[in-house]
Amino acid sequence: MDMTRRAGAEFFGTFWLTFAGCGSAVLAAAFPALGIGFLGVALAFGLTVLTMAYSVGHISGGHFNPAVTIGLWAGKRFSAAHVIPYVIAQVAGAIVAAALLYWIASGKPGWVPGGFASNGYGDLSPGKYSMGSCFVMEVVMTFFFLMIIIGSTSKGAAVGFAGIPIGLGLTLIHLVSIPVTNTSVNPARSTGPALFGGGEYVGQLWMFWLAPIIGAVVAGLVTRWLHQAMEE
């Protein structure tokens, strides 16, 4: 598959993750009397990955996340030459999705963006968790997300079912970490909303690149060791 199509699949997959996942938080989470709450938002994010994994995963591998791309590279499951095109496509998809979501949400009279589903620590954390707590949460959650992705797509895993544990894994991650960081584990997903959430969220964006990438790289290295015998 040529890089244009692969990058296109990553663009649309990350667009859907950001638009539908963050859209569930911005538009539906606190809707009067019928809001979907944290549980609904967590499920929405999991469903975005599940649906796109089966829709375009066969084209690009279904990363939809710079941390996943870099973690797979660290695990020797992805070419270094493809990392930058994938990350550019993913970030672009997230920004376009956030822009469209902002435009739709602003059509409601009196709408106030607030944090616009952005990620944050300290005063910008939903539960006011410290920077250290948020950093560790993002590292750990991204580590296990990559463990799930690599394990479910490894030799010996059930063929054709990887999208299910990956989608459910992302749902579980959100159920645990929304109160702490609003859940990133995905630098692209963090970047799009932050650009519309305000300068204070942009100022904290560094952590939602650094922590997920650290977690992903460590997971890539660990899974190389865990799965080495089966892959040889």
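Nothing in this text is a laboratory measurement; each read-out follows from the coordinates by a stated rule. Keep in mind it's a predicted model, so treat the numbers as computed, not measured. FYI the Cβ positions are ideal-geometry reconstructions off the backbone, even for glycines, and counts take in every protein chain you see.
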Among the lysines, select those whose C-alpha is under 28 Å from the C-alpha of Lys155, and discard any that sit fewer than 8 residues away in the same chain. Lys76
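Per-residue counts of other Cβ atoms within 10 Å, averaged by peptide: what ranking do you get for 143-149, 132-138, 120-126, highest first? Display every interim value, and only then the final one.
Values: 143-149: 23.6, 132-138: 20.1, 120-126: 18.1.
The peptides rank, most packed first, as 143-149, 132-138, 120-126.
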Unit Cα scatterers, Debye sum, the chain: log10 I(q)/I(0) for q = 0.11, 0.12, 0.15 Å⁻¹: -0.50, -0.60, -0.94
Could you please state, rounded to a whole Å, how far the C-alpha centre of segment 64-107 is from the C-alpha centre of segment 161-192? 14
For segment 1-125, what are Rg and Dmax over the alpha carbons, in angstrom? 15.9, 50
Do you know the relative contact order of segment 1-154, to the nearest whole percent, from alpha carbon pairs under 8 angstrom that are 6+ apart? 29
Per GNM of the chain with C-alpha springs under 10 angstrom, the most fluctuating residue out of Val140, Val217, Val159 is Val159
May I ask which residue of Met52, Leu226, Gln204 lies farthest towards the positive end of the charge dipole of the chain, with charges of +1 (Lys, Arg) and -1 (Asp, Glu) on Cβ and the Cα centre as origin? Met52
Would you mind calculating the gained length between Ala28 and Ala158 on full extension (0.36 nm times residue separation, minus the Cα-Cα distance), in nm to one decimal? 43.3 nm
Return the loop-located trypsin sites (Lys or Arg not before Pro) in segment 128-230 (DSSP other than H, G, I, E, B) with at most 14 other Cβ atoms within 10 Å of their own Cβ; answer none if there are none. Lys128, Lys155
Helix-only [θ]222 nm of the chain, DSSP H runs n ≥ 4, -39500 (n - 2.57) each, per residue, nearest 500: -22500 deg cm²/dmol
With R₀ set to 22 angstrom, the calculated FRET efficiency between the beta-carbons of Val202 and Trp103, to the nearest 0.05, is 0.70
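Please report, in debye to the nearest 20, how large the charge dipole of the chain is about its Cα centre when each Lys and Arg carries +1 at its beta carbon and each Asp and Glu carries -1 there.
Numbers: 9 positive and 7 negative charges, 38 e Å.
Here the size comes out at about 180 debye.
Among the helices of the chain (complete DSSP H runs), which have Cα atoms covering no less than 18 Å along the helix axis and a Kyte-Doolittle mean of at least -1.0?
Flagged H segments are 3-23, 37-60, 83-105, 131-152, 163-181, 207-226.
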Loop chymotrypsin sites (Phe, Trp or Tyr not before Pro), segment 152-232 (other Cβ atoms within 10 Å of the site Cβ: 12 or fewer; DSSP): Phe161, Trp206
Please build a GNM for the chain, connecting alpha carbons under 10 Å apart, and tell me which residue among Gly40, Gly160, Gly21 fluctuates the most. Gly160
Counting only DSSP loop positions in segment 70-117, the chymotrypsin sites (Phe, Trp or Tyr not before Pro) whose Cβ has at most 14 other Cβ atoms within 10 Å are Trp111
Calculated log₁₀ intensity ratio I(q)/I(0) where the Debye formula runs over C-alpha points of segment 111-227, q = 0.21 Å⁻¹: -1.08
